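As structure tokens, the structure follows; a few thoughts come after it.
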Amino acid sequence: MGSETETVEGIPFPAEITAGSGNPLSLLANGITDIEIHFLQIKFNAIGIYLHNNDVLLGHLQSWKGKTADDLLGDDAFFQALVSAPVEKLFRVVVIKEIKGSQYGVQLESSVRDRLVAADRYDDDDEEALEKVADFFQAKYFKPASVITFHFPATPPAGAAAEISFATEGKDEAKMRVENENVAGMIQKWYLGGESAVSPTTVRSLADRFAALLSAA
């Protein structure tokens with residue numbers, strides 16, 4: 001299985017996943033979320049970023065062909081283009097340190113709201129949709145090895161800009177649809193948003209991988 005998985009903090013991530021469309025999605029980046037308290041690193045989640053790695057994706061990012069990973073890392077326009085790329089995406093988040101789901105939900109809600117307000121795109125519909133996402137996590141408990149999945153179709157049908165699922169040992173998988181495109185887009189930016197993203201290691205991994213992919217394209 002060595003060539004078919006990548007390991008992040010001891011957690012295996014399949015090199016390829018098939019999601020809603022049936023297209024194979026490739027693991028193009030990974031990382032962790034963590035904080036440092038009194039010189040002690042506390043790791044919360046391991047992250048795998050999957051995209052449909054096709055000509056559409058590389059064509060959409062062609063302006064950055066020949067750029068180094070460091071060039072990409074400092075270029076917010078590149079990460080914005082990655083968010084807007086019309087390809088299927090899936091984020092797989094695996095819990096390392098157990099927390100209450102409400103803590104994760106509040107962090108996501110606050111970050112997405114701040115991004116919407118900064119972009120002057122936060123209205124009542126966005127607020128309602130964002131509250132539904134936070135409520136989805138409210139009663140969950142994030143045991144180690146629990147899995148949160150965010151799935152973004154390439155061309156979202158009406159009322160289904162994204163789907164979120166939560167799976168943990170001993171319970172049925174829970175799912176919800178995110179109908180609001182603004183909220184779904186800002187959830188993407190939470191993980192793919194360059195310097196403002198939640199996981200610097202994931203962003204670094206994205207820059208490294210896409211510098212290589214684009215130079216070979």
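Compared with the alpha-carbon gap, the fully stretched path from A145 to A217 is longer by 22.3 nm at 0.36 nm per residue.
When shorter helices are ignored and each DSSP H run of at least 4 residues is given -39500 (n - 2.57), the per-residue value for the chain at 222 nm works out to -11500 deg cm²/dmol.
In a fully extended conformation the segment linking D172 and I35 would gain 46.3 nm over its present Cα-Cα distance, using 0.36 nm per residue.
Here the contact order of region 1-125, divided by its residue count and restricted to Cα pairs under 8 Å and six or more residues apart, works out to 21 percent.
The candidate values are [x] 1.05; [y] 0.98; [z] 1.31; the one derived from this structure for Cα Rg over 2.2 N^0.38 Å carries the label [y]. A 1.4 Å probe run over the chain, with the rest of the protein chains in place, finds 49 Å² accessible per residue. Listed values for region 14-31 are Karplus-derived 3J(HN,Hα) couplings in whole Hz (6.51 cos²θ - 1.76 cosθ + 1.60, θ = phi - 60°), namely x, 5, 9, 9, 9, 10, x, 7, x, 6, x, 9, 9, 6, 9, 7, 8, x, and x replaces Gly and Pro.
With each label modelled as a point 7 angstrom along the Cα→C-beta vector, the K65-D135 pair spans 4.8 nm. Within the same chain, aspartates and glutamates fewer than 8 places from K65 are excluded, and of the rest, those with a Cα less than 20 Å from its Cα are D55, D75, D76, D208.
The H on the amide N of L25, modeled in the peptide plane, is under 5 Å from the matching H of I17, T18, A19, each at least 5 residues off or on a different chain. Annotation: amide H of V8 within the under-5 Å range of F13, sequence separation 5 or more or interchain, hydrogens built in the peptide plane.
Here is the list for region 1-110: GluC sites (Glu not before Pro) lying in DSSP coil, each with at most 14 other C-beta atoms within 10 angstrom of its C-beta, are E9, E98.
Computed over neighbours whose Cβ is under 11 Å from that of E181, the net charge equals -2, Lys and Arg +1, Asp and Glu -1. For region 134-197, GluC sites (Glu not before Pro) are listed when DSSP marks them as loop and at most 13 other Cβ atoms sit within 10 Å of their Cβ; the list is E169, E173. In summary, the lysines within cross-link reach of K97, defined as a Cα separation below 16 angstrom excluding same-chain residues under 8 places away, comprise K43, K140, K143. Relative contact order of the chain: 24 percent, from C-alpha pairs under 8 Å at least 6 residues apart in sequence. The chymotrypsin sites (Phe, Trp or Tyr not before Pro) of region 1-105 that meet both conditions, a loop assignment by DSSP and at most 15 other Cβ atoms within 10 Å of the site Cβ, are F39. Protein heavy-atom surface of region 1-125, 1.4 angstrom probe: 49% of the accessible area is carbon and sulfur, with nucleic acids and ligands not counted.
The values are calculated or read from the model by the stated rules, or taken from the named source; none is laboratory data. Quick caveat: nothing in here was measured; it's all calculated off a predicted structure. All Cβ positions, glycine included, derive from the backbone under ideal geometry; neighbour counts span all protein chains shown. Ligands, DNA and RNA are stripped out before the accessible areas are found, and what is left, the full protein with its side chains, is counted by its heavy atoms. Shrake-Rupley method; radii C 1.70, N 1.55, O 1.52, S 1.80 Å.
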